[in-house]
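Structure first, commentary second.
The values are calculated or read from the model by the stated rules, or taken from the named source; none is laboratory data. Everything numeric here is computed off the predicted structure, so don't read it as measured data. Positions of Cβ are generated from backbone atoms using ideal geometry, with glycine treated the same way; all protein chains shown enter the neighbour counts. These accessible areas exclude ligands, DNA and RNA; they are computed on the full protein's heavy atoms, side chains included. Shrake-Rupley method; radii C 1.70, N 1.55, O 1.52, S 1.80 Å.
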Amino acid sequence: MSMSGNGGDTPVVYMEDIVKRFGTITALDGVDFTVNQREVVGLLGDNGAGKSTLIKVLTGVHTPTKGQIYFEGQKVDIPSPQVARALGIETCYQDLALIPLMSVTRNFFLGREVTRGFGPVTWLDMPEMDQQAREALKDIGIHLRSPREKVGKLSGGERQSIAIGRARYFGAKLLILDEPTSALSVGETHKVLTYTLNAKERGLSVIFISHNVGHVYQVADRFTIIRRGHLVGNYTRDEVTENDIADLITGEREK
């Protein structure tokens, strides 16, 4: 097993020789994938390239046909999303799993509510949760109008910011952003990219999945490109231009 980290650090995650077959279809064919400590990795590939399958293997949605996953240097089995989350892997999908009619605070603490009371009589400690949500989001550069505001009234960029802040606050070590800038305006996209970099500065590692090479290029330290279930290669930002990446994704340029 070879795991390369920054300055000798153990990678947050190392996926080795991952194969995933669905019947006669091979979606992943011997893919290696590494995310180092405090690193943003852009995971890129056309539709059907295998990037979504790779992430679903990492997050316990799919079981690999073959291969090993190491998390912080330890070999792990991830049979379910709950196990992935317990390890410290949080995924922000396009739909974000936020409830529009509930407040920012209630969404932030969903399933992890702070309560007060004794014995069978408890109630939600909303002032405490409001304060914690406000401070946690402020820590990555997000300033709320009100933590009681309904999520449905927020912009797409603001909703992404809540998901990113929530992941960091609850101890995530690896944050997976699945197409976080799709359908966002230029201004909103800039905010999400800024929050992503702020999360990295606060110690998170990030996998940034996007069809938009320009967006990924602004935040990623390294790019992993997959094509037709195979690893094309890993490249640092000083090794490739945006055009190079686009050509590698489509196969117009080889390694």
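Structural remarks
- Length released on extending from residue 155 to residue 9, taking residue separation times 0.36 nm less the Cα-Cα span: 48.8 nm
- Burial ranking of peptide ranges 109-115, 214-220 (average Cβ count within 10 Å, highest at the top): 214-220, 109-115
- 1.4 Å probe accessible area per residue over the chain, in Å²: 48
- Between amide H atoms placed 1.01 Å from N, distances below 5 Å from residue 233 occur with 225, all of them 5 or more places distant or on a separate chain.
- Length available on full extension from residue 37 to residue 228: 0.36 nm per residue minus the Cα-Cα distance, which gives 66.0 nm.
- Relative contact order of the chain, pairs being alpha-carbon contacts under 8 Å that are 6 or more residues apart, as %: 25
- For the pair residue 72 and residue 21 in one chain, pulling the backbone fully straight at 0.36 nm per residue adds 15.7 nm over the alpha carbon distance.
- A simple rule links phi to the HN-Hα coupling: the Karplus curve 6.51 cos²θ - 1.76 cosθ + 1.60 with θ = phi - 60°, which for the stretch 11-20 gives x, 5, 9, 9, 9, 10, 6, 7, 10, 9 Hz, with x for Gly and Pro.
- The order of the peptides 233-242, 67-76 by mean Cβ neighbours within 10 Å, most packed first, is 67-76, 233-242.
- Residue pairs exceeding 29 angstrom between C-alpha atoms, taken from 66/200; 56/200; 51/138; 150/191: 66/200; 51/138.
- Beta bridges per DSSP with both ends in the chain, % antiparallel, nearest 5: 60
- 3J(HN,Hα) from dihedral phi, the stretch 115-122, Karplus parametrisation 6.51/-1.76/1.60, rounded to Hz, x for glycine, proline: 10, 10, x, 9, x, x, 9, 9
- Counting protein heavy atoms only, the chain has 48 percent of its accessible area on carbon and sulfur, 1.4 angstrom probe.
- Rounded to the nearest Hz, the phi-derived 3J(HN,Hα) couplings of the stretch 101-106 under the Karplus curve 6.51 cos²θ - 1.76 cosθ + 1.60 (θ = phi - 60°) are 7, 9, 6, 4, 4, 5, where x marks glycine and proline.
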